[in-house]
Amino acid sequence: MGSTADTGREARPTSVRALADRARSAASAAGHDRLVVLVDGRSGTGKTTLGNALATELGATLVHLDDVYPGWDGLRAAADAVVHEVLGTPSGYRRWDWTASEPAGWVSVDPASPIVVEGCGALSRASAPLGSLRVWMTADDRERRRRAIDRDGETFARQWERWARQEDAFIAAEDPASLADVVLRS
């Protein structure tokens, strides 16, 4: 994975297997009916890569918040949807059709299945108590932008500042890094 866990003073290599084992142990110790991993961070930090790997390792359902955000101004709405819909009852979310710029169909999620939710807005004060493992991802700002634009192209390049303002507001209001069990630098 190429990430390090930041525990404040030290950085140590970590693996997807170690994170998955930690999530399993935390869910069991807390008596959670459902294993829930929340992976948050700014654009381009590697949330999707880690989320995919953890979902595979855990045999979990993976929810990408990119499918939940209701448009370019929807970060806060998606963060609320994590609590009330994705991890709520019934478990699921209203998919956003980016091409039509409108809501699309409901996606049901098995409430008994382990779940990994990845995206900026996954880890908030309201969602943190629902998580078995809470991860915050960081990376150098220049590298984040390069990764995001390489991945999403000119469409995201035009929206970068607009989205960054929402990330700033979310981080100022929720302080997700302080809610994380693990901080990873990619």
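Please enumerate the residues belonging to region 107-122 that are touching a Pro at 6+ places or on another chain (Cβ under 9 Å) and free of Cβ contacts under 8 Å to residues at least 60 places away in the same chain.
SER108, VAL109
I want to confirm something. Restricting to region 155-186 and keeping residues that are among the acidic types (Asp, Glu), in a helix (DSSP H, G or I) and more than 13 Å from the chain's Cα centre (by Cα), which single residue is modelled with the lowest pLDDT? Even if it seems obvious, please write down each step before you answer.
First, pick out the residues of region 155-186 that are among the acidic types (Asp, Glu): 161, 167-168, 174-175, 181.
Narrowing further to those that are in a helix (DSSP H, G or I): 161, 167-168, 174.
Retained after the next criterion (residues that are more than 13 Å from the chain's Cα centre (by Cα)): 161, 168, 174.
On the way: GLU161: 92, ASP168: 97, GLU174: 98.
That would be GLU161.
Please identify the pairs in which a residue from region 123-148 that is of a type in the set (Phe, Trp, Tyr) has its Cβ atom under 9 Å from the Cβ atom of a residue that is modelled with pLDDT of 95 or more and open to solvent by 70 Å² or more (accessible area, probe 1.4 Å), counting only partners at least 6 apart or on another chain.
Between residues of region 123-148 that are of a type in the set (Phe, Trp, Tyr) and residues that are modelled with pLDDT of 95 or more and open to solvent by 70 Å² or more (accessible area, probe 1.4 Å), the close pairs are TRP136/SER178.
What residue, of GLU161, GLU167, is open to solvent by 80 Å² or more (accessible area, probe 1.4 Å) and over 11 Å from LEU38 (Cα atoms)?
That would be GLU161, the only listed residue that is open to solvent by 80 Å² or more (accessible area, probe 1.4 Å) and over 11 Å from LEU38 (Cα atoms).
Just need a number here: residues in region 1-30 that are over 17 Å from the mean Cα position of the chain (by Cα), under 18 Å from PRO111 (Cα atoms) and either assigned to a loop (DSSP other than H, G, I, E, B) or modelled with pLDDT of 95 or more (or both).
1
Taking region 65-92, which residues are touching a helix residue (DSSP H, G or I) at 6+ places or on another chain (Cβ under 8 Å), under 19 Å from ALA128 (Cβ atoms) and either part of a strand (DSSP E or B) or of a type in the set (Gly, Ala, Ser) (or both)?
Passing the criteria: ALA78, ALA79, SER91.
Of everything in region 31-64, what is out of contact with any strand residue (DSSP E or B) (no Cβ under 8 Å at 6 or more places or on another chain) and either in a helix (DSSP H, G or I) or open to solvent by 30 Å² or more (accessible area, probe 1.4 Å) (or both)? Give them in sequence order.
Answer for region 31-64, where residues must be out of contact with any strand residue (DSSP E or B) (no Cβ under 8 Å at 6 or more places or on another chain) and either in a helix (DSSP H, G or I) or open to solvent by 30 Å² or more (accessible area, probe 1.4 Å) (or both): GLY31, HIS32, ASP33, THR49, ALA53, THR56, GLU57, GLY59.
Can you pull out the strands (runs of 3 or more DSSP E) entirely within region 95-154 that have at least 2 residues that are open to solvent by 80 Å² or more (accessible area, probe 1.4 Å) and within 30 Å of ALA27 (Cβ to Cβ)?
102-108
Scan region 171-186 for residues that are polar (S, T, N, Q) and surrounded by fewer than 17 Cβ atoms within 10 Å (Cβ to Cβ) and report the count. Full working, then the answer.
Of the residues in region 171-186, the ones polar (S, T, N, Q) are 178, 186.
The next check asks that each one be surrounded by fewer than 17 Cβ atoms within 10 Å (Cβ to Cβ); those that pass are 178.
Residues meeting the conditions: 1.
The values are calculated or read from the model by the stated rules, or taken from the named source; none is laboratory data. Keep in mind the model is a prediction, meaning the values are calculated, not measured. Every residue, glycine among them, receives a Cβ derived from its backbone with ideal geometry; neighbour counts consider all protein chains shown. The area values use the complete protein model at the heavy-atom level, side chains included, leaving out ligands, DNA and RNA. Shrake-Rupley method; radii C 1.70, N 1.55, O 1.52, S 1.80 Å.
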